[in-house]
Amino acid sequence: MQLGGSVLGLDEAQRVAVPGEADRGPTRGSVRRARRPAGLRAPWWFVVPAAAMYLFVVVVPSLRGAVYSFTDWNGMSAEWDFVGIANFVEVVTDRRALAALRNTVVLAAVVTIVQNVIGLLLALALNSVFRSRFVLRVVFFAPVVLTPLVSGYIWSYLLAPRGAVNQALISLGLEGWTRDWLGDPATALYAICLSIIWQFSGYSMVIFLAGLQAIPEDVLEAATIDGAGAWRRFWNVVLPLLNGAVVINLMLSLIGGLKQFDQVMAMTGGGPGIATETISTTIYKNAFSSGEYPVSIALAVVMTMVIAILATIQYRLTLRKAD
């Protein structure tokens, strides 16, 4: 159709021919279709296999375990009776369980603080441009590849009465500093903390490195031009921009410390006495050594609640400080 010297298609001619049709604008259906982002219509059933596996492997056993914590189930038979909160009363009045709770909190606090400080220092050092930085990153991250059990056995040999640590102290003329690091109740728990920090500081370093490399260079250059020194740049510019990495590292190290099991069993088995018992080792011993399945399950429920509460508090405080 020829109109005003221009060629119009059939659809355009029909819109011009109908009075008021062009003024009514797009219909509701066309607006809805226009607003729907392309490529975001992935079928929801892709998550069904993973969700079903998680449901039957994690959620259902956890809920059944929570139910068994209120019973006298012996771990073998299908018969059991409800006993109310008797198992939880035994947990909070048991000297071993209370000591395990105290040791777990101390271990988690020491590991969380020291591991993240060392990881941040390593990340700041290795974020600089020098030739061997990539090799050093691999070296510091290498212990993470080891399983915690292997790491625990390595440190148990190093910290033995005639191990490499004491031999090094003797060679330096510091015989008075030698001791049975894992056999002394005053040092055993902190020796375990040392092994955990050595293994996982590289993990924190990698997360901090990712955060540092995401900071724009022009922001740091602007702070330098404004006269900010190295400390002011770190405290007022770098650290606030590292908030995401800080939150992730604190959360992972805190949860890892609260559920620590492998290194403790490999290095001390909870000894000497109950000096290094954690909640996880106490659960294991109550269930598989003493046969007290309901008490161990109740202790596991308590551990889950402690981890959830402390992790939530830490997450909230970190976000509030960042805001």
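The values are calculated or read from the model by the stated rules, or taken from the named source; none is laboratory data. What you are looking at is a predicted structure, and each value in this text was computed from that prediction instead of being measured. Here the Cβ is made from the backbone with ideal geometry for all residues, glycine too, and neighbour counts use every protein chain on show. Remember, those area values only see protein heavy atoms, side chains included, never the ligands or the DNA or RNA. Shrake-Rupley method; radii C 1.70, N 1.55, O 1.52, S 1.80 Å.
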Next item on the list: Those residues that are surrounded by fewer than 16 Cβ atoms within 10 Å (Cβ to Cβ) and either free of Cβ contacts under 8 Å to residues at least 40 places away in the same chain or under 16 Å from TYR284 (Cα atoms) (or both), I need them from the range 66-80; list them, please.
Entry: VAL67, ASN74, GLY75, MET76, SER77, ALA78, GLU79
Next item on the list: Using the structure shown, decide if LYS285 is within 22 Å of the chain's Cα centre (by Cα), within 30 Å of VAL83 (Cβ to Cβ) and of a type in the set (Lys, Arg).
Entry: no
Next item on the list: Among the numbered conditions (1) out of contact with any helix residue (DSSP H, G or I) (no Cβ under 9 Å at 6 or more places or on another chain); (2) of a type outside the set (Ser, Thr, Tyr); (3) assigned to a helix (DSSP H, G or I), tell me where PRO240 comes up short.
Entry: (1)
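Rundown of residues vs (1) closer than 29 Å to MET76 by Cβ; (2) open to solvent by 20 Å² or more (accessible area, probe 1.4 Å); (3) among the charged types (D, E, K, R), yes/no style:
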{"residue": "PRO240", "(1), (2), (3)": "no, yes, no"}
{"residue": "ILE248", "(1), (2), (3)": "no, yes, no"}
{"residue": "LEU258", "(1), (2), (3)": "no, no, no"}
{"residue": "PRO272", "(1), (2), (3)": "no, yes, no"}
{"residue": "SER280", "(1), (2), (3)": "yes, no, no"}
{"residue": "TYR284", "(1), (2), (3)": "yes, yes, no"}
{"residue": "SER290", "(1), (2), (3)": "yes, yes, no"}
{"residue": "PRO294", "(1), (2), (3)": "yes, no, no"}
{"residue": "VAL301", "(1), (2), (3)": "yes, yes, no"}
Next item on the list: Go through the range 126-163 and give me each residue that's open to solvent by 70 Å² or more (accessible area, probe 1.4 Å) and among the basic types (Lys, Arg).
Entry: ARG131, ARG162
Checklist line | Residue list for the range 211-236, filter: within 20 Å of ARG137 (Cβ to Cβ), among the aliphatic types (A, V, I, L, M) and surrounded by 14 or more Cβ atoms within 10 Å (Cβ to Cβ) | finding: LEU212, ILE215
Check: Of all residues in the range 131-185, which are outside any helix (DSSP H, G or I) and in contact (Cβ under 8 Å) with a residue 24 or more places away in the chain?
Finding: LEU146, THR147, LEU159, LEU182, GLY183, ASP184, PRO185
Notebook entry, point to check: Can you name every residue in the range 311-323 that is open to solvent by 20 Å² or more (accessible area, probe 1.4 Å) and closer than 25 Å to ARG64 by Cβ?
Noted result: THR312
Next item on the list: Hey, can you tell me all the residues within the range 266-294 that are part of a helix (DSSP H, G or I), in contact with a helix residue (DSSP H, G or I) (Cβ under 6 Å, 6 or more places away or on another chain) and either farther than 18 Å from ASN103 by Cβ or of a type outside the set (Val, Ile, Thr) (or both)?
Entry: ALA266, MET267, ASN286, ALA287, TYR293, PRO294
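Condition check ((1) assigned to a helix (DSSP H, G or I); (2) under 26 Å from the mean Cα position of the chain (by Cα)) across all residues:
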position: TYR54; (1), (2): yes, yes
position: VAL57; (1), (2): yes, yes
position: MET76; (1), (2): no, no
position: TRP80; (1), (2): no, no
position: GLU90; (1), (2): yes, no
position: ARG102; (1), (2): yes, yes
position: VAL106; (1), (2): yes, yes
Next item on the list: Assess whether VAL206 counts as being open to solvent by less than 60 Å² (accessible area, probe 1.4 Å) and touching a residue at least 60 places away in the same chain (Cβ under 8 Å).
Entry: no
